[in-house]
Amino acid sequence: ISIAAGIRTTDLGRWLNDHQAIVRAMPNTPAQIQAGVSALYAMPSVNAAQREQASSILQAVGSSLWLDNEEKMDAVTAISGSGPAYVFYLIEALQEAAVELGLSPEEAKLLALETFTGASLLAKQTKADIQTLRAQVTSKGGTTEQGILSLESAHIKTIILAAATAAAKKSKTLGDELAA
């Protein structure tokens, strides 16, 4: 099992004297508290027992997802591998905003963390899609709508897409550089 970002199974196999039973995995840092998510890809020669063993190992630190195509690992690296840093960045921004709006650093941290935790749990536990959940909080003419309009005028979704694209490109570049 390899957790090296960007390094492809064919290259690992070549470096390991043409070894063909390799599973590539991309866990994320919440695995430290058994709340991670890992994507896995197995070379075609990996048998069912080996796949189950790899699943068992990665599920010990959270949930897992098998990919049917190794090329998807660059996207996984960009979204769930790098994603905790994006989430921490947003929490950090909410904390800073709270302090600027007059809350103490302790109050700001508690509100930002609990808001993120609660919203994530709600999204995970409900059947409603994310857009519906957001709309339920966004009252027409209300405070949340003003905040969302500000985010949209700053093109935040485009910026997040650009960040994920840059991370995926870097993952692919790492693999390309090490393939030689």
Q) Of the residues that make up the range 129-146, is at least one closer than 22 Å to Gly83 by Cβ and small (Gly, Ala, Ser)? A) no
Over the range 136-153, the set of residues open to solvent by less than 50 Å² (accessible area, probe 1.4 Å) and among the hydrophobic types (A, V, I, L, M, F, W, C) is Ile148
- Task: Could you check, for the range 31-51, whether at least one of its residues is open to solvent by less than 20 Å² (accessible area, probe 1.4 Å), touching a residue at least 60 places away in the same chain (Cβ under 8 Å), β-branched (Val, Ile, Thr) and within 20 Å of Val76 (Cβ to Cβ)?
- Result: no
Regarding Gly83, is this residue touching a Gly at 6+ places or on another chain (Cβ under 6 Å), open to solvent by less than 40 Å² (accessible area, probe 1.4 Å) and modelled with pLDDT of 95 or more?
no
For Ser171, the lone unmet condition from (1) closer than 21 Å to Val37 by Cα; (2) open to solvent by 60 Å² or more (accessible area, probe 1.4 Å); (3) at pLDDT below 95 is (2)
State whether one or more residues within the range 4-24 are over 17 Å from Gly175 (Cα atoms), touching a Leu at 6+ places or on another chain (Cβ under 7 Å), open to solvent by less than 30 Å² (accessible area, probe 1.4 Å) and touching a residue at least 24 places away in the same chain (Cβ under 8 Å). no
Wholly inside the range 1-83, strands (runs of 3 or more DSSP E) that include 3 or more residues that are touching a helix residue (DSSP H, G or I) at 6+ places or on another chain (Cβ under 8 Å) and aliphatic (A, V, I, L, M) are 23-26, 36-42
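Output yes when any residue across the range 100-116 is within 17 Å of the chain's Cα centre (by Cα) and either at pLDDT below 95 or in a helix (DSSP H, G or I) (or both), and no when none is. Give the derivation first.
Quick first cut of the range 100-116, residues within 17 Å of the chain's Cα centre (by Cα) only: 116.
Right, trim to either at pLDDT below 95 or in a helix (DSSP H, G or I) (or both) and you get 116.
Within the range 100-116 (the criterion being within 17 Å of the chain's Cα centre (by Cα) and either at pLDDT below 95 or in a helix (DSSP H, G or I) (or both)), the answer is yes, since at least one residue qualifies.
The values are calculated or read from the model by the stated rules, or taken from the named source; none is laboratory data. On a predicted model such as this, the values are computed, not experimentally measured, just so you know. Glycine gets a Cβ as well: all are built from the backbone with ideal geometry, and neighbour counts include every protein chain shown. The area values use the complete protein model at the heavy-atom level, side chains included, leaving out ligands, DNA and RNA. Shrake-Rupley method; radii C 1.70, N 1.55, O 1.52, S 1.80 Å.
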